[in-house]
1. Treating each Cα of segment 407-468 as an identical point scatterer and ignoring solvent, apply the Debye formula and state log10 I(q)/I(0) at q = 0.21 Å⁻¹.
2. If you take the charge dipole of the chain about its Cα centre, with +1 on Lys and Arg Cβ and -1 on Asp and Glu Cβ, which of ASN496, TYR303, LEU187 is farthest toward its positive end?
3. Among the complete DSSP H segments of the chain, which ones combine at least 27 Å of alpha-carbon extent along their axis with a mean Kyte-Doolittle hydropathy of 0.0 or more?
4. Please get the size of the charge dipole for the chain, origin at its Cα centre, with Cβ charges of +1 on Lys and Arg and -1 on Asp and Glu, quoted in debye to the nearest 20.
5. Using the beta-carbon distance between GLN248 and LEU113 and R0 = 56 Å, what value does 1/(1 + (r/R0)^6) give for FRET efficiency, to the nearest 0.05?
6. So, with +1 on the Cβ of K and R and -1 on the Cβ of D and E, and no other charges, what is the size of the charge dipole of segment 371-475 about its Cα centre, to the nearest 20 debye?
7. Provide the net charge surrounding LEU142, with neighbours chosen by a C-beta distance below 10 Å and charges set as Lys +1, Arg +1, Asp -1, Glu -1.
8. Which FRET efficiency value, to the nearest 0.05, do you get for GLU331 and LEU523 by plugging their Cβ-Cβ distance into 1/(1 + (r/R0)^6) with R0 = 51 Å?
Amino acid sequence: MTRGAGEGVVVATGLNTELGKVSSLVEESEDEQTPLEERLDSLGYRLIFVTLFIALFVAVSGIWAGKDLFLMIETGIALAVAAIPEGLPIVATIALAKGLQVMAAKNVLINRLSSVETLGSTGIICTDKTGTLTENKMSVSLIVLPGSQIEVNGENGDVPNKKLDPDGNSDLRMLLETGMLCNNASLNHSEKNGAGSGDPLEVALLSLGRMAGYESSDLMQQYPEEKEEAFDAEVKMMATWNRMEGQQYRVHVKGAPGAVLEASDSIREDGQVQPLTPEKKREWQKINQELAKDGLRMLAFAYKMTDSTVKEPYNSLVFLGLVALLDPAREDVKPAIALCKKAGIRVVMVTGDQVETARYIARAVGLPDDEEAMVIHGNELPSKEELENSNMDKKLIVQCSIFARISPKQKLNLIEFYQDSGQIVAMTGDGVNDAPALKKADIGIAMGQRGTQVAREASDMVLTDDAFSSIVAAIEQGRVIFGNIRRFIYYLMSCNVSEVMVVGMASLIGSPLPILPLQILFLNLVTDVFPALALGVGEGEEGAMRRAAERS
């Protein structure tokens, strides 16, 4: 709200609201320890037990042999100091901070320092389609009406061989009006097919209307909006009530073809409303599937007349037709996915789009090797609890690289499934509903340009350019950092083991301590920290993405 007055009706509060449900999922999604934190914790526990064992063994054996009590306590302290790598936290923090700086130059912002190294251990990347694998620049390619099709060149706004004349085609006029009224985007006034603000899909619909001579502001003035039913990922539709003459309202609906067809019982053809028989529905579904196979994003439109704004909008609709939109794949994605395959990283597309469109884009970016790659529909994907008792082979889920019509809740289930199988999982997201999955994933990756504030806060990493190739660059840097950390840990431990051996051997043979506790601390500071730091901030070796991730 920016000005004026309004009246709100409370229908739910707290956790019963849609945002409340998302908040509950976020709370249920506990933060996972990063592989680096797990390994350092494991190393710390082992060092504690090893240090106590050695110190107690040497001290007790010396006292048992009749040696001086003070000398044996001093010896135990010296051994404990020698076994602990004091420089490890300092060097690890500096190495991670250096990696964070390098990634920032590659359009990657890290929210959590320890996540820098986790990238190097990533085994699966679950990525969205729109905007990450594709350009997210929608343009209308084709309009499908009952009995006719109108080809539209989305790049320059021309309509080859045909004139986009809504005045001579009432069916086209009704579809265009529905697309522009059932819309929350806005379009610049400077150009015929200019840029706009809002969802790229809705901007493309406004551009289509402008090509036909319509302006959304004029339509809104002629048919004022009285109410809106926001898009629901579960229903896959949105609706608006626009006031007509008298007390009549026209409900405009747009959404997924399958959902809109299911809610329609009539069809408008040549200006006449006719029954939409099951045979006609199957024909429209076939048209939808054939166009989706070409990578086009399909959108269906419908309307109905009503005298109230409180009635259910998604029933007894009059079907109008389809609009096919083109969202081309990013050119830099295919080589990035090829690099992931060489590195042993599985890339999994998790999208809310339909099966045919998802499969086409996946083939375009080189995700599957088979043209008829398996796609698991959201309706076929059981929950984590149902999976234990379902007939679905778990290997199918592990092997599948394309998931279509997936809801935010199913994204969360999918991440838990991969994590339970021992995988380090990265997940991309941009919406409020993606927050639980982003928080649950080992690496949550939010989109910096089109991502919501909630998604960015729940994530470990933010892409300032929304490009998949930036994820791959970050993983490569993460592997370099992992290699550096492993090298300096080996170096620190080798130095400390030698100190333990020197002190331990001296105590066993009864000679004076060759190195006192304070001298050991000084040696560790001088000989451990600075050489280890040099190893920790190195550039790394070439070919980090030509082998599988190392996790031990």
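1. Log-scaled intensity ratios, in q order: -0.70.
2. ASN496
3. Values: long enough: 35-64 (43 Å, 1.15); 468-509 (62 Å, 1.02).
Long hydrophobic helices here: 35-64, 468-509.
4. On the way: 52 positive and 75 negative charges, 191 e Å.
About 920 debye.
5. Numbers: r = 60 Å, r/R0 = 1.07.
Efficiency, from the Cβ-Cβ distance: 0.40.
6. Values: 10 positive and 16 negative charges, 40 e Å.
Magnitude of the dipole: close to 200 debye.
7. Details: positive: none; negative: GLU151, ASP294.
For residues surrounding LEU142, the net value is -2.
8. 0.40
The values are calculated or read from the model by the stated rules, or taken from the named source; none is laboratory data. Bear in mind the structure is a predicted one, so any value in this text is a computation, not a measurement. No Cβ is skipped: glycine too gets one built from the backbone with ideal geometry, and neighbour counts run over all protein chains shown. We work out accessible area using only protein heavy atoms, side chains counted, and drop any ligands, DNA or RNA first. Shrake-Rupley method; radii C 1.70, N 1.55, O 1.52, S 1.80 Å.
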